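The values are calculated or read from the model by the stated rules, or taken from the named source; none is laboratory data. Predicted, not measured: the structure shown is a model, and the values here were computed from it. All Cβ positions, glycine included, derive from the backbone under ideal geometry; neighbour counts span all protein chains shown. Heads up: the accessible areas ignore ligands, DNA and RNA and are worked out on the full protein's heavy atoms, side chains in. Shrake-Rupley method; radii C 1.70, N 1.55, O 1.52, S 1.80 Å.
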Amino acid sequence: MNFALFERPLFYVGGHYVSFLGLIAFAGLFTLGLLIAAALQSELVRRFFARFKLDTNFIAVVTTILSISVVVFFTVHAVNAAGVPLLWTTPVPGITLSLIQIFLLIALLIAVFWFSSRTKRFLFNRFLVRSGLDRSLQYAIAQIISNLVLVFGIFIVLDNAGIHLGALAVFAGAVGVGVGFGLQNIASNFISGLVILAERPITIGDRVEVAGVIGQVQQIRARSTVIVTNDNISMIVPNSKFIDSPVTNWTYGDPRVRFRIPIGVAYGSDVKEVADALVAAGKSSPHVLEDPAPSVFLKEFGESSINFELVVWSSEMSHRPSRFKSDLNFAIEEKLREAGIEIPFPQRDLHIRTSVSKTDLS
């Protein structure tokens, strides 16, 4: 078979001709790169990286970057195989970095993020565990050091790659105003996160209420805080909300919380028996503290009932207040029913007065 026909130039690219065999080689290498990139996105590869106890999001970033790198790698080799020389050490048009330097820069940035994450885990889970510090303070120290490692690591990598921060001054001056308005919220949240970690108005595990979100603090990150509600829904709250908005921290300082349960009984009930029944209902719950002991207040004489209020203290149920109040209401209904005390429904007495006119009498 005569292969000379397949080696004839079909078209020229940058002064280099491309033959039919070159197109076949290009298609083959490019297809192989796509297949390998797809394999790197498979569940098997993700499980392999998970063995190194890496974060799920970090694994997703790594596999994505590896896939893109494989596609670029095989694309460059495919272009070379097609007959168009494309050197790895040749600077990319528009920038002074070559392809190999770009890949190295990406790899170093990934390493910096990984090292920052491992630093935080090492400090929080091993180094500071036996320090005697409060656990929330240990987390704050680990998070701050991790952020510093990340910032300085990025600066060092960029500087060694030839991207000097001083050279960005002209660019920053040209677009600084526009970018500043766009990034001021991010900067505000980042600084607010540092203030939260240093001042510790909230800590991991606290029951908080802020900006209409009620739940338990699960994670305090650089820009936002993760709060898990009782419905097991993760709410991402910007850190600035904890600085410029009123924050209710149910477990700040003292975990004990007072709960008030209102109840109305029918007129004619023995108020002493009502008080004893309410106290007994409060003591029946294992989550109610003995000190301070449950107490009862006679609040008011309402239109249809005598209104009381059961006051109890708990150090455990601040994370499930609705469940706790419901259990107490069940216990109150049971104790009142056993004592024969009636819980009335709203009612009104209607008196109709009739009048007789003089014309009716005549």
Greater than 30 Å apart at Cα, pairs in Lys299/Lys325; Lys53/Lys325; Lys120/Lys241: Lys53/Lys325
Counting only the backbone N, which residues of the range 247-271 are under 12 Å from the spot 7 Å out from the Cα of Lys299 toward its beta-carbon? 260-265
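By average Cβ neighbour count within 10 Å, what is the ranking of 115-122, 191-198 from highest down?
191-198, 115-122
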Taking a probe of 1.4 angstrom, what is the accessible area of Glu300 in Å², to the nearest 10? 100
For Asp276, tell me the accessible area in Å² from a 1.4 Å probe, rounded to the nearest 10. 80
Under the √(5λ) rule applied to the eigenvalues of the Cα gyration tensor, what semi-axes describe the equivalent ellipsoid of the range 175-322? Give them in Å, descending. 44, 16, 11
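Suppose the chain between His351 and Leu32 were pulled fully straight at 0.36 nm per residue; how much longer would it get relative to their current alpha carbon spacing?
Difference between extended and current length: 105.6 nm.
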So, taking all protein chains as they sit and a 1.4 Å probe, how much accessible area belongs to Thr75, in Å² rounded to tens? 40
Straight-line reach only, C-alpha to C-alpha below 16 angstrom: list the aspartates and glutamates that Lys283 could link to, leaving out same-chain residues fewer than 8 apart. Glu273, Asp291, Glu309, Glu316, Asp327, Glu333, Glu334, Glu338
Run the simple label-point estimate for Val247 and Lys272 please: 7 Å along Cα→C-beta, distance reported in nm. 5.0
Spin-label model distance (nm) - Ser284 vs Leu86, 7 Å beyond Cα toward Cβ: 7.8
